[in-house]
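Peer 1: My questions all concern the structure below.
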Amino acid sequence: MDGIVGLYGPGDPELVCKAFLAMGACQHRGKASTGLAIANAKGIYIHKGLGRIAEVIDQNIIKTFQDLEPQIAIGNIGYTKRRVPEKINVEPILISPRVSSPLQVAVTMDGYLIKDDDLRAELDADYSLQTDNKTEIVGALLHKFMVQEGIRFEAGSRLLEKLAGRATFALTALVHDGSEVYLVALNDARAFEPFCHATINGTFVVSSESCSHRRLTAETSVEYDGGEMTICSPGSCETKRLTEQPPMPDIFQGIYFGNVASLFRGKEIFQIRRELGLELVRYYKTSIADIVIPNPESGWGVTVGIAEGLKKPLLPALIKLPQAVRTFQEGERTTRSQEVGLKFGGIDSLLKDRAVAMGDDSIVRGSVSEGGSAWVVYNSGARFVEFWISYGPMFFPSFKEWHRGIECLQELAVQRAFPGEPPYDKDFDEINSAVARLVGMDEVKYNRKEIIEKVAGPGSFQALDATYPIDERFWPDWLKREVDLFHRLRGT
């Protein structure tokens, strides 16, 4: 889940610095790569590399880019899309037509495109595609439609139509027509990916999250509805909704990926997570815990609510160590287990002989809990551990993992907890008990979908019930069979 920003501020003497700060506010979304692009009357300039923002962009780059008197800037904080990041795939990406074009376009995107082979083949005659990054495909289509329709909302409508049912995205693009520069922002028809905008001291700022706007002192920001497009051109910034489909935001991004200070569909993410903790206590009612601890860092929000509901002390007894590495997208279970063993340290004086309620956002594959936090907490002397989870049992993989094949289903903790049989007809207590055994906890206390929806609102719960934002015609066959079995066993 990349963090992206876009700023339109002709004459703003701090435009590049503001872009840097807005990107930095989104740093939690991606640590693999960083890229910044600016545009002035003469053209588009890009600087990018592998690593976190402070490793790629320094004060010399900021000063050099600002000296070019930019009117627009876009930036990307890249999430780990591949096991080995490559600089060629870092965004923003400059689109390369095979023949001379009246438009120069650089684009960055948060989102995902399913099955792009046909689109690559369609574009091959007119575009020299330099990367295997799906953002380049989307950017080339945007360039194509703007050449045909002009830098107008009609080009955005054609892109939405082309990608309907097979992509989720929030994108920003720099467009240079030979004399003027434009900022374009557009999201998918269902608003699956978070995207918001604000005008701050005359500069228009669009970002993956409202934390970027708060970093630049904005009091409020506006979240995009589905299929909304902004075009900033000399003299104006106009936003228009191009489609009227009901929104389908990714609820998991509010539970896990978002910055706790950001807004998610109008509600502060920290409060969403705290309320989920309170609701967990209302549902389960009882606990033998002496203390409550978070599974850092994403477990903090729900744990505050759990401690408040249980009226037990909240203690930072489990800490993330300085050598911790991001393990969420590590594909190999053996490697992942080794890496999570480096993530945590326990405080013996707080954990020894205690019954512990530990809060976390989710259990995906279970290896962080199984190989890291569970072992550390018990090794520090805890006598009993309840694992309270703000999200529900994850039966299905994210559609962004489908390319890995059925393995992305089989590696999920709920699937592994019931070897040789489907988990879909198991009741809630059975699932809690089986996953507790798998991850090495005394108890697991999952949340229920209806409770999560009550707190976070409606949207996509793809991992819980296969409510994907992707049309079924693009689903892999193994998933179709699994979802059919899910509905048959549950009688839905």
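Peer 1: For the stretch 456-492, how many residues meet the condition of being part of a helix (DSSP H, G or I), surrounded by fewer than 17 Cβ atoms within 10 Å (Cβ to Cβ) and either of a type in the set (A, V, I, L, M, F, W, C) or within 19 Å of the chain's Cα centre (by Cα) (or both)?
Peer 2: Of the residues in the stretch 456-492, 4 are part of a helix (DSSP H, G or I), surrounded by fewer than 17 Cβ atoms within 10 Å (Cβ to Cβ) and either of a type in the set (A, V, I, L, M, F, W, C) or within 19 Å of the chain's Cα centre (by Cα) (or both).
Peer 1: If you check Gly366, Gly420, Gly372, which single one turns out to be surrounded by fewer than 19 Cβ atoms within 10 Å (Cβ to Cβ) and in the same structural domain as Leu318 (by TED's automatic domain parsing)?
Peer 2: Answer to the check: Gly420.
Peer 1: Going by what's in this entry, would Asn447 be described as of a type outside the set (Asp, Glu), surrounded by 15 or more Cβ atoms within 10 Å (Cβ to Cβ) and in contact with a Leu (Cβ under 7 Å, 6 or more places away or on another chain)?
Peer 2: Taking the combined requirement at face value, the residue satisfies it.
Peer 1: Right, something else. Quick check on my filter: what residues within the stretch 91-105 are among the aliphatic types (A, V, I, L, M), in contact with an Asp or Glu (Cβ under 9 Å, 6 or more places away or on another chain) and in a strand (DSSP E or B)?
Peer 2: Ile93 - this is the single residue of the stretch 91-105 that is among the aliphatic types (A, V, I, L, M), in contact with an Asp or Glu (Cβ under 9 Å, 6 or more places away or on another chain) and in a strand (DSSP E or B).
Peer 1: Let me ask something additional. Given the options Ala32, Ala19, Ala54, name the one that is within 24 Å of the chain's Cα centre (by Cα), surrounded by fewer than 18 Cβ atoms within 10 Å (Cβ to Cβ) and not polar (S, T, N, Q).
Peer 2: Ala54
Peer 1: Got at least one residue in the stretch 294-301 being surrounded by fewer than 22 Cβ atoms within 10 Å (Cβ to Cβ) and in a helix (DSSP H, G or I)?
Peer 2: Yes, the stretch 294-301 contains at least one residue that is surrounded by fewer than 22 Cβ atoms within 10 Å (Cβ to Cβ) and in a helix (DSSP H, G or I).
Peer 1: From Glu430, Glu386, Glu453, which residue is of a type in the set (Asp, Glu), at pLDDT 95 or above, outside any helix (DSSP H, G or I) and not assigned by TED's automatic domain parsing to the domain that holds Tyr112?
Peer 2: Glu386
Peer 1: Just checking, how many residues over the stretch 145-162 are of a type in the set (Gly, Ala, Ser) and in contact (Cβ under 8 Å) with a residue 40 or more places away in the chain?
Peer 2: Qualifying residue count for the region: 2.
Peer 1: Could you check the stretch 254-271 and list, in sequence order, the residues that are in contact with a strand residue (DSSP E or B) (Cβ under 8 Å, 6 or more places away or on another chain) and closer than 13 Å to Pro458 by Cα?
Peer 2: Gly254, Arg265, Gly266
Peer 1: Tally the residues that are surrounded by fewer than 19 Cβ atoms within 10 Å (Cβ to Cβ) and free of Cβ contacts under 8 Å to residues at least 24 places away in the same chain, restricting the search to the stretch 117-144.
Peer 2: The total comes to 6.
Peer 1: Another question, if that's okay. Select from the stretch 1-58 the residues that are part of a strand (DSSP E or B) and of a type in the set (Gly, Ala, Ser) and write down the one among them that is nearest to Val206 (Cα to Cα).
Peer 2: Gly6
The values are calculated or read from the model by the stated rules, or taken from the named source; none is laboratory data. Note that the structure is a prediction, hence the values are computed from the model and not measured. When we count neighbours, we look across all protein chains shown, and the Cβ atoms used for this are built from the backbone with ideal geometry, even at glycine.
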